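Okay, structure first, notes after.
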Amino acid sequence: MEKRITIITGHYGSGKTEFAINYVMAVKKKHESAALIDLDIANPYFRSREKQGMLENEGIAVYSNVFGYDITADLPAITAELRAPLEDESMHAVIDAGGDDSGARVLNQFRKYFGDGSTMLFVVNANRPETGTVEGAARHMVSIMDETGVDIGGIVNNTHMLKETSSKDVLKGYELCKGLSERFGIPILYSCCRKDLCEGLEKEASASGYDLGIFPLSIFMRDAWMDNNILRRTKYGV
């Protein structure tokens, strides 16, 4: 069940920011008011606030830790205005938290808002070495819950290989997330998939008897040069 406040967590490189942007856009289609809160104060790359103009054009308010000056963009400064969408009962807020337990630590400042009206989702990319097994993903999941004191309410399968992603990657991730779900009793809410792959994935999922909960993704955060560099480094192990 969708909550008014949704917290997006996950391991570094899981694609949680991409999911957070797509998710808040989906939320805005169902509700009059929606906001994205960027609490990823440590990572200088792939920050959801970089898409502020695009999101505001969609009627989505964007809040981040900056004080209005670019020089503070990467400093761990938390402004008071971040509490506004959390306190506004008419606003549906999506929080893009930092990666791992260390990145999620900043959530502790807002814990009083995380009651029955909120849920925390854990984004998993089974193609990342640290979350490539149920045991590895479980360690990250537990460390985030321990650090924040907030239980994870849903798992998001976001298994991908950038532009090389195939339906097999998504199905592989679903199998891992199923093991994670069975271990913790936490439901798999979505399996993310690039929009151009959704039709083929639906056919494969149906043939396998899977109910993936496909969540179509538009790619906003990665440029082609970054894809090529990462794939090259993966290929040559550097």
Contour minus Cα-Cα span, ALA26 to ASP151, at 0.36 nm per residue, comes to 42.7 nm
Once amide hydrogens are built 1.01 Å from N within the peptide plane, the residues lying 5 or more places from MET161 or on another chain with amide H under 5 Å from its amide H are SER166
Spelling it out for CYS193: with amide H atoms placed in the peptide plane at 1.01 Å from N, the residues 5 or more places away or on another chain with amide H under 5 Å from its amide H are PHE215, LEU217
Each label sits 7 Å from Cα toward the beta-carbon; between GLU164 and ALA80 the label points are separated, in nm, by 5.0
Reported to the nearest 10 Å², GLU135 has, with a 1.4 Å probe, an accessible area equal to 100
Taking a ≥ b ≥ c as the square roots of the eigenvalues of the Cα gyration tensor, with a/c under 1.5 meaning rounded and otherwise prolate when a/b exceeds b/c and oblate if not, segment 53-204 is prolate
Flagged as over-length at 19 Å C-alpha distance, from LYS29/LYS195; LYS3/LYS168; LYS30/LYS168, the pairs are LYS3/LYS168; LYS30/LYS168
In debye to the nearest 20, the charge dipole size for segment 70-199, taken about the Cα centre with +1 at each Lys and Arg Cβ and -1 at each Asp and Glu Cβ, equals 380
For LEU189 the rounded accessible area (nearest 10 Å², probe 1.4 Å, non-protein molecules ignored) is 70
For LYS51, counting only lysines whose alpha-carbon sits under 17 Å away and dropping same-chain residues fewer than eight positions off, the answer is LYS16, LYS28
The simple spin-label model distance between ASP88 and GLU204, using points 7 Å out along Cα→Cβ, in nm, is 4.1
Once all protein chains are kept in place, LEU201 shows an accessible area at probe 1.4 Å, nearest 10 Å², of 0
Once LYS3, LYS30 are ranked on solvent-accessible area with the largest value leading and a 1.4 Å probe, the list reads LYS30, LYS3
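The values are calculated or read from the model by the stated rules, or taken from the named source; none is laboratory data. Keep in mind the model is a prediction, meaning the values are calculated, not measured. So basically every Cβ, Gly included, is an ideal-geometry build from the backbone, and we count neighbours across all protein chains shown. The accessibility values were calculated without ligands, DNA or RNA, using every heavy atom of the protein model including side chains. Shrake-Rupley method; radii C 1.70, N 1.55, O 1.52, S 1.80 Å.
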